[in-house]
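S.K.: Got a structure for you, written out below as structure tokens; questions coming shortly.
The values are calculated or read from the model by the stated rules, or taken from the named source; none is laboratory data. Here the structure is a predicted model, which means the values were calculated and not measured. Using ideal geometry, Cβ is built from the backbone for each residue, glycine included, and neighbour counts are taken over all protein chains shown. Each accessible area value is taken on the protein alone, full model and side chains, heavy atoms only, with ligands, DNA and RNA left out. Shrake-Rupley method; radii C 1.70, N 1.55, O 1.52, S 1.80 Å.
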Amino acid sequence: DAGLDATEQLRTDVTIISDPNAGVYNASGEENVTILIKNTGTYRLAPDGSGLDVVFNGQFVHPNALNGELVSAGSGAAWSRGDVLRLTIDVNEIGAYDDGLEAGTDHRVFISINGDEELFQFRTETN
């Protein structure tokens with residue numbers, strides 16, 4: 001139904017709140033990119049971020065390479081307005097990056113959900 005789709009688009013808004021200078025890459029030692037995304041819209045989203053489409057440096061990220069977890073709400077709850085999702089991208093699952101990211105390089109994460117789009121840019125730390 002086109003009317004429902006338009007309503008979802010109007011009510012969906014997310015904002016990436018991670019600091020690009022805060023070391024979003026490899027913080028756990030597992031060569032992952034971890035970003036925080038806040039639901040700033042009124043539409044309730046899946047609590048694991050499964051509705052997100054993610055593109056990393058121009059390559060679509062398969063859902064198997066993503067792990068979303070609410071950090072500001074109880075488990076099993078919907079991702080509601082004001083809640084924050086921790087999205088972890090397993091870089092090794094993206095074809096061109098099976099050896100991780102080189103130090104001192106620029107990267108882009110593009111996120112889309114229900115027509116809302118966000119871009120996050122960061123640079124890996126130099127050794």
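S.K.: I'm checking my understanding of the structure. Among residues of the range 64-75 that are open to solvent by less than 70 Å² (accessible area, probe 1.4 Å) and in a loop (DSSP other than H, G, I, E, B), which one is modelled with the lowest pLDDT? Before you say what the answer is, go through the steps one by one.
M.R.: So in the range 64-75, the residues open to solvent by less than 70 Å² (accessible area, probe 1.4 Å) come out as 65-66, 68, 70-74.
Filter once more, keeping what is in a loop (DSSP other than H, G, I, E, B): 71-74.
On the way: Val71: 91, Ser72: 78, Ala73: 69, Gly74: 66.
Among those residues, the one meeting the criterion is Gly74.
S.K.: Applying the selection to the range 24-63, what residues are open to solvent by less than 40 Å² (accessible area, probe 1.4 Å), part of a loop (DSSP other than H, G, I, E, B) and touching a residue at least 60 places away in the same chain (Cβ under 8 Å)?
M.R.: Of everything in the range 24-63, those that are open to solvent by less than 40 Å² (accessible area, probe 1.4 Å), part of a loop (DSSP other than H, G, I, E, B) and touching a residue at least 60 places away in the same chain (Cβ under 8 Å) turn out to be Val24, Gly41, Leu52.
S.K.: I've got another one for you. Hey, can you tell me all the residues within the range 85-96 that are assigned to a strand (DSSP E or B) and either open to solvent by 20 Å² or more (accessible area, probe 1.4 Å) or at pLDDT below 90 (or both)? Steps first, please.
M.R.: Filtering the range 85-96 for residues assigned to a strand (DSSP E or B) gives 85-90.
Arg86, Thr88, Asp90, listed by residue number.
S.K.: Also, I was wondering about something else. Would you pick out the residues in the range 7-23 that are in a strand (DSSP E or B) and open to solvent by 30 Å² or more (accessible area, probe 1.4 Å)?
M.R.: Thr15
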